[in-house]
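> Below you will find the structure I want to go over with you.
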Amino acid sequence: MFCEVKPKERAGVINPIFTCQPCGAQYASIGIKDCIGIVHGGQGCVMFVRLLFSQHFKESFEIASSSLHEDGAVFGATHRVEEAVDVLLMRYPHVKVIPIISTCATEVIGDDIDGVVLKLNNGLLKEKYAGREVHLISLHTPSFKGSMVSGYDVAVKDFVSHFAKKDKPNGKLNLITGWVNPGDVTELKHLLAAMQVEATVLFEIENFDSPLMPDGNHVSHGDTTIADLTGTADALGTIALNRYEGGQAATYLEREFDIPTIIGPTPIGIRNTDTFLQNVKKLTGKPIPESLVWERGLALDALTDLAHMFFADKKVAIYGNADLVIGLAEFCIDLEMKPVLLLLGDDNTSYPNDPRIKALQENVDFNMEIIMNADLWELENRIKNEGLELDLILGHSKGRFVAIDNNIPMVRVGFPTYDRAGLYRHPVVGYAGATWLAEQMANTLFTDMEYKKNKEWVLNVW
């Protein structure tokens, strides 16, 4: 038995798992209040990303574009950024934060967005918008390397490093959530509230699920403020839930402001949630209340009802963001399942050194493949041509055709999910997330059994 970590053997990409770095930067920017990002590139670099956000959340988000055209690709287009900033400030009087997000085209032609920011700070902002608080932040996210995951990580670090400023201790915990859903933030805040811990949540995205009100529709936006970001330097500690989605920002705060920092694990499942609460206790000194012990017991009861009877030895393939995939794999192992294939969809070469992956290599008692820089053809090829047998697939909606074509049940988890309703409202983290996710997996297997008209013994029921 072995756990093998290896890169995809092909040079090309067929059916990618991820989109590009600017998407991650845009996701971080919409988590900040009074912030509208300008994506310096072609209109498609905004249009298709906004489409993904709208498909996933069924909401509208405000992101601007410098609308790079052919002449700009030849002669340079920094003037488009200057025009975009001016138009944005005129049209939106409330805007205070404007990240300038680079793309593959503008990085290739060498447009100096750092220089543009300096020029605008010394020119337009002083001359036309004197007395108005405006923060221009350059985010370098070329699309020819990394992925939406690394783009998010870069953006969070750059936002924090721009705003964080030492003043006096605020007694708060910095919680860097990573790429999560509103339901995850609600669950995390619930856990912290139960421990009476006040936290700065990066990013506060509960309002990505926006209401329809009598006075009209609301444009969705995050609620993390400039004051929240500034105060990260005065926190009593930092917990980054994900190594690859906010880890840079956590490390920066530790290095620059000597803030105690813990990175991971992603609190998916019972044991990782236990570790998260112990980490909160360690940094804050607050005890874990009996109410959370009770919630843990309810979750354990729900999982015990399912694990051995229905999940034992079921083979699973998982793809998506690395922190999510690893957390889901650990959860599946705790449920007696066998995650035989993990697909990590970008070119991050540090994955083999991840202590969680090393732990999998040392402890799994079945054959497992972990493919780096993977695409969804890796999944399809193994099923069609290499005889991989699977009972379940876990991943976002982009892989649904692999599941459909090969008649394998699939649970949607991750981003983007657009062919199931309301999943962004439900957590996959915490004790509530463990219960919800396990029951989703079980019900998906039950439905598949009924669809295929299999006898009950297939699910170990007699």
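> For the structure I just gave you, tell me whether Asn242 is in contact with a helix residue (DSSP H, G or I) (Cβ under 9 Å, 6 or more places away or on another chain) and under 26 Å from Phe401 (Cβ atoms).
No.
> Still on this structure: Return only the number of the condition from (1) without any contact (Cβ under 8 Å) to a residue 40 or more places away in the chain; (2) among the aliphatic types (A, V, I, L, M); (3) outside any loop (DSSP other than H, G, I, E, B) that Ala421 does not satisfy.
Result: Ala421 passes all but (3).
> Against the definition (among the hydrophobic types (A, V, I, L, M, F, W, C), closer than 16 Å to Gly430 by Cα, at pLDDT 95 or above and touching a helix residue (DSSP H, G or I) at 6+ places or on another chain (Cβ under 7 Å)), how does Leu300 come out, yes or no? Working first, answer last.
Working: among the hydrophobic types (A, V, I, L, M, F, W, C): yes; closer than 16 Å to Gly430 by Cα: yes; at pLDDT 95 or above: yes; touching a helix residue (DSSP H, G or I) at 6+ places or on another chain (Cβ under 7 Å): yes.
For Leu300, the condition - among the hydrophobic types (A, V, I, L, M, F, W, C), closer than 16 Å to Gly430 by Cα, at pLDDT 95 or above and touching a helix residue (DSSP H, G or I) at 6+ places or on another chain (Cβ under 7 Å) - is met.
> Now, a different point. Among the residues in the stretch 315-326, are any more than 25 Å from Met148 (Cα to Cα) and either surrounded by fewer than 21 Cβ atoms within 10 Å (Cβ to Cβ) or in contact (Cβ under 8 Å) with a residue 40 or more places away in the chain (or both)?
Yes, because at least one residue in the stretch 315-326 is more than 25 Å from Met148 (Cα to Cα) and either surrounded by fewer than 21 Cβ atoms within 10 Å (Cβ to Cβ) or in contact (Cβ under 8 Å) with a residue 40 or more places away in the chain (or both).
> For the subset of the stretch 403-418 comprising residues that are buried (at least 23 other Cβ atoms within 10 Å of the Cβ) and in contact with a Phe, Trp or Tyr (Cβ under 9 Å, 6 or more places away or on another chain), which member is farthest from Thr19 (Cα to Cα)?
Gly414
> Additional query: Over 19 Å from Leu328 (Cα atoms) and in a helix (DSSP H, G or I): is that true of Glu450 in this structure?
Judged against the criteria, Glu450 is a match.
> Also, quick follow-up: Where residues in the stretch 414-440 are more than 16 Å from the chain's Cα centre (by Cα) and of a type in the set (A, V, I, L, M), which of them is farthest from Asp274 (Cα to Cα)?
Top of the filtered list is Ala421.
> Another question, if that's okay. Has the stretch 128-137 got any residue that is in the same structural domain as His69 (by TED's automatic domain parsing), within 16 Å of Ser161 (Cβ to Cβ) and in contact with an Asp or Glu (Cβ under 7 Å, 6 or more places away or on another chain)?
Yes; the residues of the stretch 128-137 include at least one that is in the same structural domain as His69 (by TED's automatic domain parsing), within 16 Å of Ser161 (Cβ to Cβ) and in contact with an Asp or Glu (Cβ under 7 Å, 6 or more places away or on another chain).
So that you can scan it fast, the table gives a plain yes or no per residue for (1) buried (at least 16 other Cβ atoms within 10 Å of the Cβ); (2) assigned by TED's automatic domain parsing to the domain that holds His426; (3) on the phi < 0 side of the Ramachandran plot; (4) touching a helix residue (DSSP H, G or I) at 6+ places or on another chain (Cβ under 7 Å):
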{"position": "Val46", "(1), (2), (3), (4)": "yes, no, yes, no"}
{"position": "Val49", "(1), (2), (3), (4)": "yes, no, yes, yes"}
{"position": "Glu83", "(1), (2), (3), (4)": "no, no, yes, no"}
{"position": "Lys96", "(1), (2), (3), (4)": "yes, no, yes, yes"}
{"position": "Ile101", "(1), (2), (3), (4)": "yes, no, yes, yes"}
{"position": "Ile113", "(1), (2), (3), (4)": "yes, no, yes, yes"}
{"position": "Val117", "(1), (2), (3), (4)": "yes, no, yes, no"}
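> Assess whether Asp158 counts as being acidic (Asp, Glu) and over 18 Å from Thr261 (Cα atoms).
no
> What's the number of the only condition in (1) at pLDDT 95 or above; (2) assigned to a helix (DSSP H, G or I) that Leu175 fails to meet?
With (1) at pLDDT 95 or above; (2) assigned to a helix (DSSP H, G or I) applied to Leu175, the lone miss is (2).
> Which residues, taken from the stretch 244-269, are touching an Asp or Glu at 6+ places or on another chain (Cβ under 6 Å) and either under 14 Å from Leu173 (Cα atoms) or among the charged types (D, E, K, R) (or both)?
Filtering the stretch 244-269 down to residues touching an Asp or Glu at 6+ places or on another chain (Cβ under 6 Å) leaves 244-245, 248, 261, 266, 269.
Within the stretch 244-269, Glu245, Thr261 qualify.
The values are calculated or read from the model by the stated rules, or taken from the named source; none is laboratory data. Small disclaimer: the values here were computed from a predicted structure and weren't measured. Every residue, glycine as well, gets a Cβ built from its backbone with ideal geometry; the counts of neighbours run over all protein chains shown.
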